[in-house]
Amino acid sequence: MRRWWPDRRVERGPVWVALDVVVAYLSAVIAIGPSDHTASVLSGSAVERVCAVVWFAAIAGRRFAPASALWAAAAATVAAVASGAEVTNVSLATALAVTLVARTRPPRRAAELAALPVVATLVALAGDTDAVVLAGAVHAVAWLVGWAGRTRQEAADAMRVRENERAVAAERARVAAELHDAVGHAVTVMVTHAGAARLVLGEGAPPVQEALARIEDVGRGAMSDLDRILGLLTDSYDVEAALRALVAGLPGSVTAELRLPPADVLRRLPPRTAQTVGRVVQESLTNVVRHAGPAHAVVAVTVTGGDLTVSITDDGAGTTTRWPDSGRGLAGMKERVAGLGGSLDAGPADGGGWRVAATLPMEEAP
């Protein structure tokens with residue numbers, strides 16, 4: 001049944017509907033050509049009266065149901081000619097419906113829908129050479145008008161989509177630039193101060209120097225991540241290097257062990273999958289630092305069949321609920337993993353501590 005419904009709306013305001021009613025009325029009461037016969041619901045045979053009502057309704061209501069108007073008008077024309085009634089102007093009501101059928105449907109579907117009623121109308125009028133030639137010309141022009149209207153509308157829609165895309169891209173670029181400038185400046189200042197403080201300390205206070213050095217490393221890593229997220233860098237994501245940097249940047253109260261598959265396996269990961277692995281590990285280790293207290297974590301990446309599993313298990317005490325309901329950490333990870341067709345579970349580990357495990361497909365979904 002969907003083929004009977006147009007794929008786009010047409011103008012249906014009061015002015016347009018009133019215009020169609022006027023056209024239907026004039027077509028019925030004004031005779032064009034040598035015949036002075038007009039269609040009327042008040043005179044003529046019963047068949048002709050019914051056909052006049054159908055023609056009028058087809059013209060007046062073509063904006064609401066163009067396909068139904070086309071078929072109804074064609075049936076009325078065939079019935080009028082078969083009953084011996086004279087052909088009138090409104091017997092070409094099919095032409096006005098053809099215009100909207102061609103405008104509101106793709107060309108092939110419109111042709112399939114209009115072919116039979118138009119051919120039936122032309123065959124019915126074939127007894128009068130002048131009438132059939134005029135009808136053929138009128139229907140051809142009606143089709144071209146509808147097709148031209150659809151083409152013009154499609155071009156306008158495509159232009160509007162391109163303008164919207166350009167506007168969205170420009171806004172994204174503006175936000176990215178502002179975010180990079182604002183956050184980048186803050187992180188750069190933080191790293192600079194940490195480096196300056198480390199130099200001022202000289203050889204004294206090794207723990208403080210070590211903490212400041214880690215702040216510098218984490219800050220530089222954050223800048224690289226920011227550039228990559230904002231699309232300002234085009235290099236591929238080295239997940240192995242990222243995981244090793246995360247482990248190396250942990251504070252002294254938290255240690256971590258990496259268990260990774262061969263490097264060539266990690267290099268084969270799609271970029272989005274590799275970045276998701278890095279984000280899951282980053283968020284999980286951040287959670288360990290914040291909530292687990294002194295702890296040792298094991299970060300394991302394994303490949304089984306077509307799936308990759310990354311798990312982060314720690315032995316810290318911490319709280320029984322690592323992610324409060326108001327936090328976005330766990331929800332963000334689940335959303336990122338689900339976007340790649342994977343799954344993520346988090347909860348207390350056997351024997352104490354906490355465990356986060358994400359399973360991702362090795363091949364990125366289309």
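The values are calculated or read from the model by the stated rules, or taken from the named source; none is laboratory data. Owing to the predicted nature of the structure, the values given are computational and were not obtained by experimental measurement. In this analysis, Cβ positions are derived from the backbone assuming ideal geometry, glycine residues included, and neighbour counts consider all displayed protein chains. Just the protein is used for accessible areas: all its heavy atoms, side chains included, with ligands, DNA and RNA removed. Shrake-Rupley method; radii C 1.70, N 1.55, O 1.52, S 1.80 Å.
Overview of values
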quantity: Residue check, Val175 open to solvent by less than 80 Å² (accessible area, probe 1.4 Å) and either aromatic (Phe, Trp, Tyr) or touching a His at 6+ places or on another chain (Cβ under 7 Å) (or both); calculated: no
quantity: Candidate set: region 52-73, residues that are open to solvent by less than 40 Å² (accessible area, probe 1.4 Å) and more than 40 Å from the chain's Cα centre (by Cα); chosen: the one farthest from Ala135 (Cα to Cα); calculated: Ala52
quantity: The lone exception for Leu134 - which of (1) modelled with pLDDT of 90 or more; (2) open to solvent by 60 Å² or more (accessible area, probe 1.4 Å); (3) of a type outside the set (Asp, Glu) it fails; calculated: (1)
quantity: Enumeration of residues in region 258-289 that are within 16 Å of Val247 (Cβ to Cβ), surrounded by 20 or more Cβ atoms within 10 Å (Cβ to Cβ) and of a type in the set (Ser, Thr, Tyr); calculated: Ser284
quantity: Check on Ala85, touching an Asp or Glu at 6+ places or on another chain (Cβ under 6 Å) and at negative phi; calculated: yes
quantity: Extreme residue, surrounded by the fewest Cβ atoms within 10 Å (Cβ to Cβ), among residues of region 103-120 that are under 17 Å from Ser68 (Cβ atoms) and aliphatic (A, V, I, L, M); calculated: Ala115
quantity: Region 173-195 residues that are at pLDDT below 70, paired with ones that are open to solvent by 90 Å² or more (accessible area, probe 1.4 Å) and not in a helix (DSSP H, G or I) (beta carbon under 7 Å, 6 or more apart); calculated: His180/Leu232
quantity: Region 117-145 residues that are farther than 26 Å from Pro106 by Cα, paired with ones that are not in a helix (DSSP H, G or I) (beta carbon under 7 Å, 6 or more apart); calculated: Leu125/Val87; Asp128/Val87; Ala131/Val87; Ala131/Leu125; Val132/Leu125; Val132/Ala126
quantity: Residue in region 230-244 that is under 27 Å from Thr302 (Cβ atoms), surrounded by 15 or more Cβ atoms within 10 Å (Cβ to Cβ) and modelled with pLDDT under 70 present; calculated: no
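Let's see how each residue does on (1) under 29 Å from Gly219 (Cβ atoms); (2) at pLDDT 85 or above:
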position: Thr255; (1), (2): yes, yes
position: Thr276; (1), (2): yes, yes
position: Thr302; (1), (2): no, yes
position: Trp323; (1), (2): yes, no
position: Gly341; (1), (2): no, yes
